[in-house]
Amino acid sequence: MRLSIRWIAIRQIFQAILECPASLAARLLIERGVDAAAIRDHIAKTFGPKNVKERIAEEEKYRISQGLEEATSTLESFLAGIKTPSRGQMASFFAHNSRFADCNGKCWVGSDEIQKQFELLFAPYSKKNVSCRLEMVELGLAETVLGSILWENMTIGVEPLRSLHRMTAVLAREDGERAIYLLQVTPVLTQ
């Protein structure tokens, strides 16, 4: 019996039972009105190669949307944490071997180093008049997720000018959770 299916599931076993009408299981099913031809047609229509491909495509779309929702939630929690007075263990959002590059190009490597310098790195973003918005989150290569955050009313040091900064984040899985692998800050030039 060929249905162009590469694996055996319960439905194929059920159909095989019905193909042997002399078996006890088939006799019991037939006595209760089960039609072998109708079952075979249903399996071919529902689980044929075209439907399997469509189902795999739907599962892939669902997996991607779940990954994007997960990453968005991680970034939103991270951004909310920056704004709280007690930032505590915010470095837990970063992967063990992560990198943070500030708007001057200086780089910190590893969640331990980022945790030690967290107040210095993120104090400008925690000010009351500074606001941020998540501009986009999209799927990258190898199940990474790329996020862009725009910060408004930024002041660095004693500069009286307010500016925009863009944080670009790359998230990936670490220990089953989404974690920030790279966070790079870029000043946005405005006229």
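The values are calculated or read from the model by the stated rules, or taken from the named source; none is laboratory data. None of these values were measured; they are calculated from a predicted model. Quick reminder, even Gly has a Cβ in these numbers, built from the backbone with ideal geometry, and neighbours come from all protein chains shown.
Overview of results
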{"item": "Positions within region 65-115 being surrounded by fewer than 18 Cβ atoms within 10 Å (Cβ to Cβ), hydroxyl-bearing (S, T, Y) and under 20 Å from the mean Cα position of the chain (by Cα), in sequence order", "result": "S65, T72, S73, S77, S92"}
{"item": "Close pairs from region 35-47: first surrounded by 15 or more Cβ atoms within 10 Å (Cβ to Cβ), partner of a type in the set (K, R), Cβ under 7 Å, at least 6 apart", "result": "I43/R11; F47/R11"}
{"item": "Meets criteria (under 16 Å from T72 (Cα atoms), without any contact (Cβ under 8 Å) to a residue 60 or more places away in the chain and in contact with a Lys or Arg (Cβ under 9 Å, 6 or more places away or on another chain)) for L150", "result": "yes"}
{"item": "Checking N129 against (1) surrounded by 13 or more Cβ atoms within 10 Å (Cβ to Cβ); (2) more than 18 Å from T186 (Cα to Cα); (3) touching a strand residue (DSSP E or B) at 6+ places or on another chain (Cβ under 6 Å), the condition it does not meet", "result": "(1)"}
{"item": "Contacts under 9 angstrom Cβ, first residue in region 155-172 being crowded, with 16+ Cβ neighbours inside 10 Å, partner among the basic types (K, R) and at pLDDT 65 or above, 6 or more apart", "result": "L171/R178; A172/R178"}
{"item": "Given (1) part of a helix (DSSP H, G or I); (2) free of Cβ contacts under 8 Å to residues at least 24 places away in the same chain; (3) surrounded by 18 or more Cβ atoms within 10 Å (Cβ to Cβ), index of the condition A57 fails", "result": "(3)"}
{"item": "So T72, is it assigned to a helix (DSSP H, G or I) and over 29 Å from G176 (Cβ atoms)", "result": "no"}
{"item": "Failed item, numbered, when C103 is tested on (1) assigned to a loop (DSSP other than H, G, I, E, B); (2) touching a Gly at 6+ places or on another chain (Cβ under 9 Å)", "result": "(2)"}
{"item": "Criterion violated by A142 - all others in (1) farther than 21 Å from S163 by Cα; (2) in contact with a strand residue (DSSP E or B) (Cβ under 6 Å, 6 or more places away or on another chain) satisfied", "result": "(2)"}
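Rundown of residues vs (1) modelled with pLDDT under 80; (2) more than 41 Å from the chain's Cα centre (by Cα), yes/no style:
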{"residue": "P21", "(1), (2)": "no, yes"}
{"residue": "R27", "(1), (2)": "no, yes"}
{"residue": "I30", "(1), (2)": "no, yes"}
{"residue": "A36", "(1), (2)": "yes, yes"}
{"residue": "I39", "(1), (2)": "yes, no"}
{"residue": "A44", "(1), (2)": "yes, no"}
{"residue": "F47", "(1), (2)": "yes, no"}
{"residue": "K53", "(1), (2)": "yes, no"}
